[in-house]
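In what follows, a structure is listed as C-alpha coordinates, so that the remarks can point back to it.
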Amino acid sequence: MKRIASFTVNHDVLQKGMYISRIDGDVVTYDIRMKIPNGGDYLSMRAAHTIEHLFATFTRNSKDGDKIIYVGPMGCKTGFYLLVRDTLSRSQAIALVQASMAFIATYEGEIPGNTKKECGNYLYHDLDGAKAIAADMQKVLADWSVEKLQYQE
(Lines give C-alpha, C1' and ligand atoms only; values in the text may rest on other atoms or scores of the structure.)
Protein backbone atom coordinates (compact mmCIF):
# COMPACT_ATOMS: atom_id res chain seq x y z
CA MET A 1 0.00 0.00 0.00
CA LYS A 2 1.00 3.59 -0.58
CA ARG A 3 2.26 5.29 2.57
CA ILE A 4 0.02 8.15 3.73
CA ALA A 5 1.41 11.65 4.13
CA SER A 6 1.22 11.82 7.93
CA PHE A 7 3.53 8.80 8.20
CA THR A 8 6.22 10.61 6.21
CA VAL A 9 6.64 13.32 8.89
CA ASN A 10 9.81 12.81 10.94
CA HIS A 11 8.34 12.31 14.41
CA ASP A 12 11.86 12.12 15.89
CA VAL A 13 12.24 15.89 15.48
CA LEU A 14 8.62 17.04 15.69
CA GLN A 15 7.96 19.56 18.46
CA LYS A 16 4.83 21.13 19.92
CA GLY A 17 3.30 23.67 17.59
CA MET A 18 1.06 24.14 14.58
CA TYR A 19 1.93 22.77 11.17
CA ILE A 20 0.39 22.31 7.75
CA SER A 21 -0.08 18.58 7.51
CA ARG A 22 -1.48 18.47 3.99
CA ILE A 23 -3.43 20.37 1.36
CA ASP A 24 -6.11 18.56 -0.62
CA GLY A 25 -7.77 20.82 -3.16
CA ASP A 26 -9.44 23.56 -1.14
CA VAL A 27 -8.96 21.80 2.23
CA VAL A 28 -5.97 22.53 4.48
CA THR A 29 -5.24 20.10 7.32
CA TYR A 30 -3.39 21.60 10.27
CA ASP A 31 -1.49 19.49 12.79
CA ILE A 32 -1.96 21.06 16.23
CA ARG A 33 0.78 19.20 18.08
CA MET A 34 0.28 19.45 21.84
CA LYS A 35 2.72 16.78 23.01
CA ILE A 36 6.13 15.68 21.75
CA PRO A 37 5.72 12.42 19.82
CA ASN A 38 6.99 9.32 21.59
CA GLY A 39 7.92 11.49 24.57
CA GLY A 40 6.08 9.42 27.17
CA ASP A 41 3.68 12.27 28.02
CA TYR A 42 0.42 12.08 26.10
CA LEU A 43 -2.98 13.73 26.14
CA SER A 44 -5.32 12.13 28.61
CA MET A 45 -8.38 11.01 26.70
CA ARG A 46 -10.70 12.75 29.16
CA ALA A 47 -8.92 16.08 28.62
CA ALA A 48 -8.75 15.48 24.86
CA HIS A 49 -12.50 14.83 24.80
CA THR A 50 -13.11 18.13 26.59
CA ILE A 51 -10.73 19.97 24.25
CA GLU A 52 -12.60 18.47 21.31
CA HIS A 53 -15.95 19.82 22.53
CA LEU A 54 -14.57 23.28 23.33
CA PHE A 55 -12.23 23.61 20.32
CA ALA A 56 -14.91 22.51 17.84
CA THR A 57 -17.59 24.69 19.43
CA PHE A 58 -15.34 27.76 19.55
CA THR A 59 -14.05 27.48 15.99
CA ARG A 60 -17.47 26.74 14.49
CA ASN A 61 -18.94 29.74 16.32
CA SER A 62 -16.13 32.10 15.29
CA LYS A 63 -16.46 34.61 12.46
CA ASP A 64 -14.72 31.97 10.31
CA GLY A 65 -17.01 29.15 11.38
CA ASP A 66 -18.18 28.52 7.83
CA LYS A 67 -14.58 27.64 6.88
CA ILE A 68 -14.20 24.93 9.56
CA ILE A 69 -14.59 21.38 8.29
CA TYR A 70 -13.38 19.26 11.20
CA VAL A 71 -11.68 19.43 14.59
CA GLY A 72 -10.62 16.16 16.17
CA PRO A 73 -7.96 14.35 18.20
CA MET A 74 -5.11 12.28 16.83
CA GLY A 75 -5.15 8.60 17.70
CA CYS A 76 -1.57 8.84 18.99
CA LYS A 77 -2.78 11.23 21.72
CA THR A 78 -0.27 13.96 20.85
CA GLY A 79 -2.57 16.56 19.32
CA PHE A 80 -5.48 17.52 17.11
CA TYR A 81 -6.24 17.96 13.46
CA LEU A 82 -7.98 21.09 12.26
CA LEU A 83 -9.36 20.95 8.71
CA VAL A 84 -10.35 24.23 7.11
CA ARG A 85 -11.25 25.67 3.72
CA ASP A 86 -8.28 27.36 2.05
CA THR A 87 -10.19 30.65 2.09
CA LEU A 88 -8.95 30.91 5.69
CA SER A 89 -5.46 32.40 5.35
CA ARG A 90 -2.51 30.85 7.15
CA SER A 91 -2.26 33.82 9.52
CA GLN A 92 -6.02 33.67 10.19
CA ALA A 93 -5.69 29.95 11.01
CA ILE A 94 -2.90 30.67 13.50
CA ALA A 95 -4.94 33.44 15.11
CA LEU A 96 -7.99 31.15 15.33
CA VAL A 97 -6.02 28.40 17.07
CA GLN A 98 -4.42 30.93 19.42
CA ALA A 99 -7.87 32.32 20.29
CA SER A 100 -9.22 28.77 20.72
CA MET A 101 -6.47 27.87 23.20
CA ALA A 102 -7.10 31.10 25.15
CA PHE A 103 -10.82 30.28 25.25
CA ILE A 104 -10.21 26.73 26.48
CA ALA A 105 -7.54 27.78 29.02
CA THR A 106 -9.98 30.13 30.76
CA TYR A 107 -13.25 28.30 30.18
CA GLU A 108 -15.72 28.08 33.05
CA GLY A 109 -19.13 26.49 32.99
CA GLU A 110 -20.85 23.58 31.37
CA ILE A 111 -19.04 21.83 28.55
CA PRO A 112 -20.98 22.39 25.31
CA GLY A 113 -22.72 19.30 23.93
CA ASN A 114 -22.23 17.45 27.18
CA THR A 115 -25.50 15.70 27.82
CA LYS A 116 -26.41 12.06 27.37
CA LYS A 117 -28.58 13.04 24.40
CA GLU A 118 -25.77 15.03 22.71
CA CYS A 119 -22.62 13.00 23.40
CA GLY A 120 -21.73 9.32 23.25
CA ASN A 121 -19.58 9.48 26.39
CA TYR A 122 -20.86 12.56 28.20
CA LEU A 123 -19.37 11.68 31.60
CA TYR A 124 -15.85 11.25 30.19
CA HIS A 125 -14.39 14.76 30.55
CA ASP A 126 -11.61 16.62 32.35
CA LEU A 127 -12.02 20.39 32.16
CA ASP A 128 -9.04 21.14 34.42
CA GLY A 129 -6.82 18.89 32.30
CA ALA A 130 -8.06 20.53 29.10
CA LYS A 131 -7.41 23.98 30.54
CA ALA A 132 -3.84 23.05 31.50
CA ILE A 133 -3.06 21.70 28.03
CA ALA A 134 -4.56 24.77 26.37
CA ALA A 135 -2.59 27.10 28.67
CA ASP A 136 0.61 25.29 27.69
CA MET A 137 -0.30 25.63 24.00
CA GLN A 138 -0.91 29.36 24.48
CA LYS A 139 2.77 29.67 25.42
CA VAL A 140 3.90 27.44 22.55
CA LEU A 141 1.89 29.38 19.96
CA ALA A 142 2.41 32.88 21.41
CA ASP A 143 4.81 33.96 18.67
CA TRP A 144 3.84 31.42 16.00
CA SER A 145 4.14 32.65 12.43
CA VAL A 146 3.31 31.49 8.93
CA GLU A 147 6.98 30.59 8.46
CA LYS A 148 6.78 28.12 11.36
CA LEU A 149 3.89 26.18 9.80
CA GLN A 150 6.28 23.95 7.84
CA TYR A 151 7.52 20.70 9.39
CA GLN A 152 11.23 20.65 10.20
CA GLU A 153 13.36 17.90 8.71
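The values are calculated or read from the model by the stated rules, or taken from the named source; none is laboratory data. Computed from a predicted model, the values in this text were never measured in an experiment. Every residue, glycine among them, receives a Cβ derived from its backbone with ideal geometry; neighbour counts consider all protein chains shown.
Here are the numbers for this structure:
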read-out	value
Count of residues meeting criterion [surrounded by fewer than 18 Cβ atoms within 10 Å (Cβ to Cβ), among the small types (G, A, S) and on the phi < 0 side of the Ramachandran plot] in region 1-32	2
Test: residue in region 112-124 that is of a type in the set (S, T, Y), under 16 Å from the mean Cα position of the chain (by Cα) and surrounded by fewer than 18 Cβ atoms within 10 Å (Cβ to Cβ)	no
G113, sole failed condition from (1) over 23 Å from R22 (Cα atoms); (2) out of contact with any Cys (no Cβ under 7 Å at 6 or more places or on another chain)	(2)
Pair list, Cβ < 7 Å and 6+ apart or interchain, from region 19-46 residues that are within 19 Å of S89 (Cα to Cα) to residues that are small (G, A, S) and in a strand (DSSP E or B)	T29/S21; Y30/S21; D31/S21; D31/G79; I32/G79
A142 under 16 Å from the mean Cα position of the chain (by Cα) and either of a type outside the set (A, V, I, L, M) or surrounded by 14 or more Cβ atoms within 10 Å (Cβ to Cβ) (or both)	no
Candidate set from region 1-36 (those that are in a loop (DSSP other than H, G, I, E, B) and modelled with pLDDT of 95 or more); member that is nearest to L127 (Cα to Cα)	M34
Subset of region 75-107 (residues that are outside any loop (DSSP other than H, G, I, E, B), surrounded by fewer than 16 Cβ atoms within 10 Å (Cβ to Cβ) and charged (D, E, K, R))	R85
So V71, is it touching a residue at least 40 places away in the same chain (Cβ under 8 Å), of a type outside the set (K, R) and either buried (at least 21 other Cβ atoms within 10 Å of the Cβ) or not in a loop (DSSP other than H, G, I, E, B) (or both)	no
Filter result for L82 (modelled with pLDDT of 95 or more and more than 17 Å from A132 (Cβ to Cβ))	yes
